[in-house]
Each structure stands twice: as C-alpha cells, then as structure tokens.
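Student: This is the structure I have questions about; it appears just below.
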Amino acid sequence: MRDQLGQIIRFGVVGGINTGTFFGCYLLLHPWMPYFAAYTLAFLLSMVGSFFLNTYFTYRTRPTWKKFALFPLTNVTNYAVQSAGLYALVTWAGMDDRIAPLVAAVVAIPFTYLISRRILVSRSPGAEDDGPESGMEERQPSRLA
C-alpha cells in the first residue's frame, strides 16, 4: 500500500512537470509557428518526456517500444474522461464552465493513473499484482535510450 501511495505521489509530480514542460515548449514554439502547430508539437514533446519520467521515476520500470506505442492511450483516456466530465458538470450539474474543466481534470487523474500503470508496469507470470514485490521489472538497460 505504501509503495502504491508513493507511485501516486510520483505520478502527480510527473503530471506537474509534464504540464510545465508542455506549456514551456508551447511558449517557445509559438513565435516560430502557427499556434496549433506549436500546441501539437509541444504536446508530443511533453508526452515523450512524460513516458520516460513515468517509466523511470513513477513506476520504476524500463521503457520498451511496446510501452512507448501504447502510452498515448493514457492521453486519449484522459481526454475522454475530461470531456465527458466537463459535459456532465456543465450540462447536468449546472457548474460554471470556467471551473468545470478543472474539476473534470481532477476527476480524470485516477483513470489516467490506472491506465498508465497498466501500460507501463508489466506483469510477471503468476503475479497477482503490479506492485514492486511481484510485478515490477528489475532495472535493466533501456531498449529505447
């Protein structure tokens, strides 16, 4: 339980770093290209950074090409949960549309955590849990780095 709490805290730290990286990249790229191109490139760069931070720091596992290919599913999940939450909060709950995106983002965090953990932490044969005792891979040289 303590290890999982540590993962959740590290996940939050990586999320903060990722948000700052995204926004910093966006601000740096925006003067040189159209805003949507800057947004897209900043998003992709921060997603790559998030992948490596989550594999090494949050889940303490090694990156693989398979995990790298599946990692964008975490962002799709985040977007879907936030969008559905935003719609529900504004339309059904009558929440102010300036505050609802923040609430929807907070609601999406557990879903994003669970999906990213599922993708980045491999299960060992016979393991019942993805925890450090049973499912975490030993630190080995990266197949990507």
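The values are calculated or read from the model by the stated rules, or taken from the named source; none is laboratory data. The structure displayed is predicted, hence computed values, not measured ones. We work out accessible area using only protein heavy atoms, side chains counted, and drop any ligands, DNA or RNA first. Shrake-Rupley method; radii C 1.70, N 1.55, O 1.52, S 1.80 Å.
Student: Return one whole number: the accessible area per residue of segment 50-102 in Å², for a 1.4 Å probe.
Tutor: Ligands and nucleic acids excluded, the figure is 60 Å² per residue.
Student: Determine how many Å³ per residue the convex hull of the Cα atoms of segment 43-97 encloses.
Tutor: 95 Å³
Student: Further, regarding this structure: Can you give the convex hull volume of the alpha carbon atoms of segment 1-93 per residue, in Å³? Mind dumping the intermediate values first?
Tutor: Details: hull volume 11.9 nm³, N = 93.
In segment 1-93, the Cα convex hull volume per residue is 128 Å³.
Student: So if each residue of separation counts as 0.36 nm, and I subtract the Cα-Cα distance between LEU5 and PHE43, what length gain in nm does that give?
Tutor: Values: separation 38, 0.36 × 38 = 13.68 nm, distance 2.73 nm.
Separation in residues times 0.36 nm, less the Cα-Cα distance, equals 11.0 nm.
Student: What ³J(HN,Hα) values, in whole Hz, does the Karplus curve 6.51 cos²θ - 1.76 cosθ + 1.60 give for segment 26-39 when θ = phi - 60°, with x put for Gly and Pro?
Tutor: Along segment 26-39, the couplings run 4, 5, 6, 7, 4, x, 9, 8, x, 4, 6, 5, 5, 4 Hz.
Student: Across segment 1-44, what fraction of all alpha-carbon pairs, as a whole percent, falls in each successive 5 Å bin from zero upward?
Tutor: Cα pair-distance distribution for segment 1-44, in percent: 5, 24, 20, 14, 10, 10, 8, 5, 3, 1.
Student: Compute the separation of the alpha-carbon centres of segment 94-112 and segment 1-77 and state it in Å as a whole number.
Tutor: 19 Å
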